[in-house]
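**Student:** This is the structure I want to talk about, given as structure tokens.
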Amino acid sequence: MSLPNIIRVEKFQVLPSNQPSNNTYSFRNGNPIITVSIPAQAKYLKPSSVRINGKLRIKDSTGAIVNNNDLKSTGAINARLSSRVGVSSCFQNVVLSSEATNQSLEAIRQYGRLVSTILSSTHSQQDYASEKSVVALMNGFNSGTANLSNNEVQFSIPLYCGILQGGNPIPLSQNGINGLRIQLELASDQQLLHGGNAATSNCFYELADISVSGDLLIPDDQGVQKLMVQGSGAFQYNSWSSLYSVINSSDSTQTYNLANSQVLSVIHNFLPVNASNNYASDGYANPMLKNTDNTGTNYDQPCNLKKVSFSRGGVKLGFDYDFDCEEQNAENVPETQVMMNYLNAFQPINTLSKMLNSKQLMNFGGNDLVPYRPMAALVNRSSGIDADPNRNFGIGLAMDRVSDVGVSFKGQSYSTRIISDLDGKSPNAVFTFILSKNVLQYSPNGILIAT
């Protein structure tokens, strides 16, 4: 679809269609779904301008705002958001659909884990400490992120969905998506919050005064007529989808049915299975595979990664050899080939200049490297002021960096083979995210999504 002449830009702000009586959404209190509709109209939506706005309140069991200030030894709660996901971790599942027909355009499960992967791989610590701390309540430091929630705080965040991260304006008319409905499903309190006192203080969170804002592009009269007179056509957009599996053996081949004819990238990140929905753990961390100790519950034993490979229909995909990183991993040096291809799945590696994949996050050379440690006298600060020590680890593959057309997996399986030191009694969750191209075809009979 060609874009007509745009004569002006119009700002909009839309409130949810299912507002509770107190205008507050809460997983604990039974209002876990937020639905916002942008009606069909002869205008274009500028996708990069869309923001979710609102207020966040983190409370303890008495209903009081938590006190996350580590400088105070009395009354500190220490219930915090992920330092790398912030408010985006409030949303467990995100579904975008046509407002008029309810046809699903994009559905992302485990949305917060996708955001943790995207941001950590495309933003620097400076980005977190400046812009992200202001709009999304995260700054890459555990204690600093906790401090941001000491009061009711406003936020304004984008949605990291494929259709909204593309550059092409989205037609909202019947010759397009016929209106846009955004449905946000809230994550549980145990998944969102973690910290020393989150469980004992029975902490929970609330979202209030939610709205969606953005820019509408107004075409000239000829463009308006083109949008209003019913016809047939198509436009292309990207979308994320997700899968969940578990890995537990030292030599594991996992096979997935991607069922898409234009797959651009596939990424996988990992998490101990008991770290999800657990106040004691950050459910949005992206660590290396881990083994448990003798109790079988504490994932604190190293697990060396040896080889990684990808295949399509049983034939090596991307490279005709395995990524061999056994020696690198054993010596605590970067698994260069694995990590380069993982980062390349988000953005061409030759253009990537910002990420959180630093030596400090790898215990480089075997000894811990602490980015920032205050003087010993400040004992109340010593446990939380360090930068988030979690690695940004994952495996992934960009399918087509030359033509950007993608690879077809219609009738062909996609597989990963991971050889490691997993001991068979330490299940690790595998979160898989697939970036694909889709084609929306519209006609007087409605719309159809071709994958």
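**Student:** Go through segment 85-103 residue by residue and tally those that are within 21 Å of ALA199 (Cα to Cα) and either part of a loop (DSSP other than H, G, I, E, B) or at pLDDT below 90 (or both).
**Tutor:** Looking only at that region, the number is 1.
**Student:** Looking at segment 200-232 only, could you name the residues that are in a loop (DSSP other than H, G, I, E, B) and surrounded by fewer than 16 Cβ atoms within 10 Å (Cβ to Cβ)?
**Tutor:** Scanning segment 200-232 gives THR200, ASN202, ASP220, VAL229, GLN230, GLY231, SER232.
**Student:** Continuing with this model, one more query. So which residues in segment 401-451 are basic (Lys, Arg), closer than 30 Å to SER250 by Cβ and not in a loop (DSSP other than H, G, I, E, B)? Write out each step before concluding.
**Tutor:** From segment 401-451, those basic (Lys, Arg) are 401, 410, 417, 425, 437; that's our starting set.
From what's left, closer than 30 Å to SER250 by Cβ: 417, 425.
ARG417 - this is the single residue of segment 401-451 that is basic (Lys, Arg), closer than 30 Å to SER250 by Cβ and not in a loop (DSSP other than H, G, I, E, B).
**Student:** Sticking with this structure for a sec: Which members of segment 233-257 meet the condition of being within 17 Å of ILE170 (Cα to Cα) and either surrounded by fewer than 17 Cβ atoms within 10 Å (Cβ to Cβ) or out of contact with any Ser or Thr (no Cβ under 9 Å at 6 or more places or on another chain) (or both)?
**Tutor:** GLY233, ALA234, PHE235, GLN236, TYR237
Conditions (1) surrounded by 21 or more Cβ atoms within 10 Å (Cβ to Cβ); (2) within 17 Å of the chain's Cα centre (by Cα); (3) of a type outside the set (Phe, Trp, Tyr), marked per residue:
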{"position": "SER124", "(1), (2), (3)": "no, yes, yes"}
{"position": "ALA129", "(1), (2), (3)": "no, no, yes"}
{"position": "LYS132", "(1), (2), (3)": "yes, yes, yes"}
{"position": "LEU137", "(1), (2), (3)": "yes, yes, yes"}
{"position": "GLY140", "(1), (2), (3)": "yes, yes, yes"}
{"position": "ASN150", "(1), (2), (3)": "no, no, yes"}
{"position": "SER156", "(1), (2), (3)": "no, yes, yes"}
{"position": "LEU164", "(1), (2), (3)": "yes, yes, yes"}
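**Student:** Check segment 24-40 and report whether any residue there is within 20 Å of LEU180 (Cα to Cα) and over 26 Å from the mean Cα position of the chain (by Cα).
**Tutor:** yes
**Student:** Here is a follow-up. Would you call VAL115 under 15 Å from TYR160 (Cβ atoms) and within 20 Å of the chain's Cα centre (by Cα)? Write out each step before concluding.
**Tutor:** Values: under 15 Å from TYR160 (Cβ atoms): yes; within 20 Å of the chain's Cα centre (by Cα): yes.
Criteria met by VAL115.
**Student:** Quick one: in segment 265-282, which of the residues that are closer than 21 Å to ASN78 by Cβ and of a type in the set (Gly, Ala, Ser) is nearest to the chain's Cα centre (by Cα)?
**Tutor:** Only one residue tops the list, namely SER276.
**Student:** Would you point out which residue out of ASN380, ASN390 is assigned to a loop (DSSP other than H, G, I, E, B) and modelled with pLDDT of 60 or more? Step through it out loud before you land on a result.
**Tutor:** On the way: ASN380 fails: modelled with pLDDT of 60 or more.
One residue alone meets the criteria, ASN390.
Here's the yes/no breakdown for (1) more than 30 Å from GLY196 (Cβ to Cβ); (2) part of a strand (DSSP E or B); (3) of a type in the set (D, E, K, R):
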{"residue": "SER265", "(1), (2), (3)": "yes, yes, no"}
{"residue": "ASN274", "(1), (2), (3)": "no, no, no"}
{"residue": "GLY283", "(1), (2), (3)": "no, no, no"}
{"residue": "ASN298", "(1), (2), (3)": "no, no, no"}
{"residue": "LYS307", "(1), (2), (3)": "yes, yes, yes"}
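**Student:** If only one of LEU172, LEU193 is in contact (Cβ under 8 Å) with a residue 12 or more places away in the chain and closer than 29 Å to GLY283 by Cβ, which one is it? Step through it out loud before you land on a result.
**Tutor:** Numbers: LEU172 fails: closer than 29 Å to GLY283 by Cβ.
Residue meeting the stated conditions: LEU193.
The values are calculated or read from the model by the stated rules, or taken from the named source; none is laboratory data. Remember, predicted model here, so these are calculated numbers, not experimental data. Neighbour counts are summed over all protein chains in view; Cβ atoms, including those assigned to glycine, are modelled from backbone coordinates with ideal geometry.
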